[in-house]
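Here the structure comes first, spelled out in structure tokens, and everything after it is commentary.
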Amino acid sequence: MKLVVCKGMASWVERAHQWCVESFQDGHRTYYLPAGKTPTPLYEYWEKTRPAFLAQSHLIQIDDVVSSPHHGLFAKFFIEHLPHYQSRFVSGDQYTQGDVAVLGLGLNGHLGFHEPGLPWALYQACVPLCNETCDTLKIPRGSWGVTYGLSAILSTAKVLLLVNGASKRKILRQVLDAKIDVPATRLLKEHPHVVVLADQEAAPNSSP
């Protein structure tokens, strides 16, 4: 595991983008991608610059909400934030193994919707969402989601774990110190090629 801390958001976005470009240059063509606030600056950069590698890649939406009335919440997110690359997304009806994974870090240590307490061997499944996740998404507690799990992520060649904002500082510290046994902790322990990319606000040595 390698921790990279960037001084500003522009630098953070550039490092994330470069990781994806280098993955493409290494021969990887299929990317797991997350929805949410964390990766939004990267997607805004891609929409602005239209990098050529994306037009030659396959994109996999790693998770989504399936409970009404918020079914397809993340699909709508990608339509809004990556409109020019909709044709590159693999159909949600297909189970596709990603070559590499770009992930966000959940406030409770989840990856995608692989929540703490779910089986470690989870590959792809419909799963109940923790109350904390539902509250963060502003959806009713008791909602369900569909996700690729830790087993699928561990089968990738490499992983970029995106972390930004002061709200993620505590969970990042806990995961890096292995103080809690959650999917993100397991990822750092078991995957040989993970880069954790944090901004200064999320950096574990930042002041509270």
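Sort out which residues of region 138-191 are small (Gly, Ala, Ser), in contact (Cβ under 8 Å) with a residue 40 or more places away in the chain and surrounded by 15 or more Cβ atoms within 10 Å (Cβ to Cβ), and write them in order of number.
As a first pass, look at region 138-191 and keep what is small (Gly, Ala, Ser): 142-143, 145, 149, 151-152, 155, 157, 165-167, 178, 184.
If we keep only those that are in contact (Cβ under 8 Å) with a residue 40 or more places away in the chain as well, we get 142-143, 145, 152, 155, 157, 165-167, 184.
If the condition is that a residue be small (Gly, Ala, Ser), in contact (Cβ under 8 Å) with a residue 40 or more places away in the chain and surrounded by 15 or more Cβ atoms within 10 Å (Cβ to Cβ), then SER143, GLY145, ALA152, ALA157, ALA184 are the ones that fit.
State all residues of region 1-25 that are of a type outside the set (A, V, I, L, M), within 23 Å of SER87 (Cα to Cα) and out of contact with any Asp or Glu (no Cβ under 9 Å at 6 or more places or on another chain); if no residue qualifies, say none. Walk me through it before giving the result.
Step one: list which residues in region 1-25 are of a type outside the set (A, V, I, L, M), which gives 2, 6-8, 11-12, 14-15, 17-20, 22-25.
Now restrict to residues that are within 23 Å of SER87 (Cα to Cα): 17-20, 22-25.
Scanning region 1-25 gives HIS17, GLN18, TRP19, CYS20, GLU22, PHE24, GLN25.
Looking at region 28-67, which of the residues that are over 19 Å from THR136 (Cβ atoms) and hydroxyl-bearing (Ser, Thr, Tyr) is nearest to the chain's Cα centre (by Cα)?
TYR32
Could you please let me know if ALA35 is within 18 Å of ALA184 (Cα to Cα) and free of Cβ contacts under 8 Å to residues at least 60 places away in the same chain?
Taking the combined requirement at face value, the residue satisfies it.
Could you please tell me which pairs satisfy a Cβ distance under 7 Å, a separation of 6+ or placement on different chains, a first residue in region 83-101 that is without any contact (Cβ under 8 Å) to a residue 12 or more places away in the chain, and a second residue that is surrounded by 11 or more Cβ atoms within 10 Å (Cβ to Cβ) and not in a loop (DSSP other than H, G, I, E, B)?
Final answer for the pair search is GLN86/ILE79.
Can you confirm whether region 108-115 contains a residue that is assigned to a loop (DSSP other than H, G, I, E, B), exposed (fewer than 15 other Cβ atoms within 10 Å of the Cβ) and touching an Asp or Glu at 6+ places or on another chain (Cβ under 8 Å)? Steps first, answer last, please.
Step one: filter region 108-115 for residues assigned to a loop (DSSP other than H, G, I, E, B), giving 108-110, 112-113, 115.
Filter once more, keeping what is exposed (fewer than 15 other Cβ atoms within 10 Å of the Cβ): none.
The answer is no; no qualifying residue exists.
Collect the residues in region 141-174 that are within 15 Å of the chain's Cα centre (by Cα) and among the basic types (Lys, Arg), keeping them in residue-number order.
Those that are within 15 Å of the chain's Cα centre (by Cα) and among the basic types (Lys, Arg): LYS158, LYS168.
Every number in this text was worked out from the coordinates using simple rules, so none of it is lab data. Predicted model only: the values in this text are computed from it and were never measured. We place every Cβ from the backbone using ideal geometry, glycine too, and count neighbours over all the protein chains shown.
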